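Student: If you scroll down you'll find the structure; I have some questions about it.
The values are calculated or read from the model by the stated rules, or taken from the named source; none is laboratory data. Just so it is clear, the structure is predicted and the values come from calculations on it, not from any experiment. Cβ atoms come from the backbone with ideal geometry, glycine included; neighbour counts cover every protein chain shown. Ligands, DNA and RNA are excluded from the accessible area calculation, which covers all protein heavy atoms including side chains. Shrake-Rupley method; radii C 1.70, N 1.55, O 1.52, S 1.80 Å.
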Amino acid sequence: MSKKIILTGDRPTGKLHIGHYVGSLRQRKILQDGGEFDEVYIMIADAQALTDNFDNPQKIKDSITEVALDYLGVGLTPDKSVMFIQSQVPELTELTTYYMNLVTLARLQRNPTVKAEIQMRNFEANIPAGFLCYPISQAADITAFKATTVPVGEDQKPMLEQTREIVRKFNEIYAPVLVEPDIYLSDNKSCLRLPGTDGKAKMSKSLGNCIYLSDDADTVKKKVMSMYTDPLHLRAADPGHLEGNTVFIYLDAFCRDEHFAEYLPEYNNLDELKAHYTKGGLGDVKVKRLLNSVLEEELSPIRARRAEYEKDKAAVVEMLKTGSLKAREKAAQTLAEVKRAMGINYFE
Ligand code: ATP
Ligand code: MG
């Protein structure tokens with residue numbers, strides 16, 4: 001039986017938020033604990049983050065520990081998951097070099113996620129080559145660990161497609177040493193691309209519309225109470241709309257029937273709440289209070305665990321160092337196979 005292996009990660013461009021949580025972190029924790037996977041690799045993608053933050057390496061450096069604390073906070077543990085830093089595994093860069101020959105410039109320019117990101121960053125005619133090529137380096141990250149499963153948000157679909165194309169091309173030209181990975185998406189539609197608190201299409205560190213896993217209870221409450229809802233729902237008596245209503249999208253992502261017995265016993269479930277809202281007569285404040293309670297229930301243990309680990313940041317760095325060494329061993333094995341397949345193992 002071939003092994004089942006997870007590889008996923010995050011760019012250290014800031015702290016992690018509840019979009020990362022529902023899009024990927026929550027699944028990682030479940031998959032890590034489920035025992036179905038033989039190996040789990042969680043990568044802090046600092047080299048990728050540098051492709052559009054090359055002028056601010058300090059920000060990337062500072063964010064690495066924050067992201068690692070977020071991991072530990074949600075319950076990823078080094079005894080089950082190898083947490084490591086991308087730049088400390090130079091084999092990944094070497095693989096990227098060889099994969100670059102298998103991808104055309106036109107193919108890179110077609111990637112819809114990269115296109116959107118280029119627009120958001122106003123790169124226009126001045127796209128750093130490294131940025132345009134980051135999907136290739138992502139293919140190196142995934143294949144170096146022979147990952148079978150990649151739990152990520154929907155914006156990563158084009159990256160996975162690109163990776164699978166590279167794998168097929170490599171295996172066809174040289175020898176079948178690389179593994180084609182599958183994307184692992186949440187089956188909850190609201191979790192695929194959680195919108196920001198401002199109602200914008202994606203909660204994103206770069207857009208400043210986030211609820212962070214490390215926000216304290218007061219901050220979360222303030223953010224929830226000022227969230228974007230339905231601009232047509234001016235008075236409680238008015239009929240409300242659910243489409244694009246961020247508060248209801250977050251409830252879809254976080255709320256379970258049990259929550260109603262605890263916080264709003266006059267309803268049995270979210271469907272009943274939605275029905276009342278669309279009919280009219282239910283104010284935003286009540287719905288926001290429910291959301292705040294539901295979020296608090298999920299976030300407070302994460303926050304507490306995170307704070308505990310934060311007391312000893314040196315230990316967190318040490319964990320990343322050990323993880324990076326382990327990751328290097330695995331990536332070096334794959335790189336050796338790749339070079340053998342290509343016949344560039346001259347001194348073997
Ligand atoms: P940046 O703005 O620096 O790109 P980001 O917030 O997009 O940051 P990434 O580090 O690029 O975060 O993404 C890490 C993981 O989280 C990926 O799997 C991505 O799909 C997922 N993710 C990011 N934002 C969301 C979101 N709003 N909803 C669901 N998943 C998300
Ligand atoms: Mg991103």
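Student: If packing is taken as the average count of other Cβ atoms within 10 Å, what order do 33-41, 283-291 fall into, highest mean first?
Tutor: 283-291, 33-41
Student: List, in order, the whole-Hz ³J(HN,Hα) value for each residue of the range 94-111 obtained from phi through the Karplus relation with A = 6.51, B = -1.76, C = 1.60 and θ = phi - 60°; use x for Gly and Pro.
Tutor: Coupling constants for the range 94-111: 5, 4, 4, 4, 5, 5, 4, 6, 9, 10, 8, 4, 4, 5, 5, 6, 7, 4 Hz.
Student: Quote the charge dipole size of the range 287-348 about the Cα centre in Debye, to the nearest 20; the model charges only the Cβ of Lys and Arg (+1) and of Asp and Glu (-1).
Tutor: 140
Student: Ok, one more. What is the distance in Å between the Cα centroid of the range 138-174 and that of the range 253-318?
Tutor: After rounding, the separation between the Cα centres reads 35 Å.
Student: How long, wide and thick is the range 191-230, going by the Cα atoms along their three principal axes, in whole angstroms, largest first?
Tutor: Sorted from largest, the Cα extents of the range 191-230 read 25, 24, 18 Å.
Student: How much of the pair distance distribution for the range 137-231 lies past 21 Å, counting alpha-carbon pairs only, in percent?
Tutor: 50
Student: Another question about this same structure. Taking amide H positions as placed 1.01 Å from N in the peptide plane, with prolines and chain starts having none, which residues 5 or more places from Val40, or on another chain, fall under 5 Å of its amide H?
Tutor: HN-HN under 5 Å from Val40: Ile6, Val82.
Student: Follow-up. Give me the percent of the accessible area of the chain that comes from carbon and sulfur atoms, probe 1.4 Å, all protein chains in place.
Tutor: So the carbon and sulfur contribution to the accessible surface is 52 percent.
Student: Further question: Would you work out which of Leu234, Ala331, Tyr98 lies farthest towards the positive end of the dipole of the chain? Charges go on Cβ: Lys and Arg +1, Asp and Glu -1.
Tutor: My answer, from the dipole projection, is Tyr98.
Student: Also, quick follow-up: Report the Cα centroid-to-centroid distance between the range 50-113 and the range 189-233 in angstrom, as an integer.
Tutor: Using only Cα atoms, the two centres lie 25 Å from each other.
Student: Now a separate question. Taking Cα pairs under 8 Å and at least six residues apart, what relative contact order does the range 124-239 come out at, in percent?
Tutor: 19
Student: What size of dipole, in debye to the nearest 20, comes out for the range 223-348 about its Cα centre when the only charges are +1 on Lys and Arg C-beta atoms and -1 on Asp and Glu C-beta atoms?
Tutor: 680
Student: What residue among Ala253, Tyr263, Thr322 has its Cα farthest toward the positive end of the dipole of the range 237-348, where the charges are +1 on Lys, Arg and -1 on Asp, Glu, each on the Cβ?
Tutor: Most positive-ward Cα: Thr322.
Student: Would you rank Arg303, Arg28, Arg235 by solvent-accessible area, highest first, keeping every protein chain in place and using a 1.4 Å probe?
Tutor: The residues order as Arg235, Arg303, Arg28, largest area first.
Student: Please give the charge dipole size of the chain, origin at the Cα centre, charges +1 on K and R Cβ atoms and -1 on D and E Cβ atoms. Round to the nearest 20 debye.
Tutor: Dipole about the Cα centre, nearest 20: 520 debye.
Student: Take each of the peptides 178-184, 268-274, average the number of other beta-carbon atoms within 10 Å over its residues, and list them starting from the highest.
Tutor: Output ranking for 178-184, 268-274: 178-184, 268-274.
Student: Also, quick follow-up: Translational diffusion coefficient of the range 27-113 at 37 °C, 0.692 mPa s, Stokes-Einstein with Kirkwood Rh over Cα pairs, in µm²/s as a whole number.
Tutor: So the translational diffusion coefficient is about 215 µm²/s.
Student: Quick one: grab Rg to one decimal and Dmax as a whole number for the range 220-303, Cα atoms only, in Å.
Tutor: 12.2, 37
Student: Ratio to report: Rg/Rh of the range 115-189, with Cα atoms as the point set and Rh obtained by the Kirkwood method; give two decimals.
Tutor: Dividing the radius of gyration by the Kirkwood radius yields 1.04.
Student: On average, how much area does the Cα convex hull of the range 50-182 cover when viewed from any direction, in nm²?
Tutor: The directionally averaged projection comes out at 9.1 nm².
Student: Just name one of Phe54, Leu31, Thr13: the one whose Cα is farthest towards the positive end of the charge dipole of the chain (beta-carbon charges, Lys/Arg +1, Asp/Glu -1).
Tutor: Going by the Cα projections, it comes out as Phe54.
Student: Can I ask one more? Using the alpha carbon gyration tensor of the range 145-293, what are the three equivalent-ellipsoid semi-axes (square root of 5 times each eigenvalue), largest first, in whole Å?
Tutor: Whole-Å semi-axes of the equivalent ellipsoid: 40, 16, 14.
Student: Given the chain reduced to its alpha-carbon atoms as identical point scatterers, what log10 I(q)/I(0) does the Debye formula return at q = 0.06, 0.11 Å⁻¹?
Tutor: -0.24, -0.77
Student: Using the Karplus curve 6.51 cos²θ - 1.76 cosθ + 1.60 with θ = phi - 60°, work out ³J(HN,Hα) for each residue of the range 229-240 in order, rounded to whole Hz, and write x for Gly and Pro.
Tutor: 10, 10, x, 8, 8, 7, 10, 3, 5, 5, x, x
Student: Right, something else. Quick one: angle between helix 157-173 and the longest Cα principal axis of the chain, in degrees between 0 and 90, rounded to 10, please.
Tutor: Once rounded, the angle reads 20 degrees.
Student: Another question about this same structure. Percent of alpha carbon pairs in the range 69-135 separated by more than 14 Å?
Tutor: Above the 14 Å cut-off, the range 69-135 has 70 percent of its Cα pairs.
Student: Could you report the range 109-266's accessible area per residue, 1.4 Å probe, as an integer in Å²?
Tutor: About 49 Å² of surface per residue is accessible.
Student: Grab the alpha carbons of the range 24-65, take their convex hull, and tell me the volume per residue in Å³.
Tutor: Here the figure is 84 Å³ per residue.
Student: If you add up the charges near Gly283, with Lys and Arg at +1 and Asp and Glu at -1, over every other residue whose beta carbon is less than 11 angstrom from its beta carbon, what do you get?
Tutor: Around Gly283, the surrounding residues sum to +2.
Student: Then there's this: Please list, in order along the range 12-27, the HN-Hα scalar couplings obtained from phi with the Karplus expression 6.51 cos²θ - 1.76 cosθ + 1.60 (θ = phi - 60°), rounded to whole Hz, x for Gly and Pro.
Tutor: Couplings: x, 10, x, 6, 8, 10, 5, x, 4, 4, 6, x, 8, 4, 4, 5 Hz.
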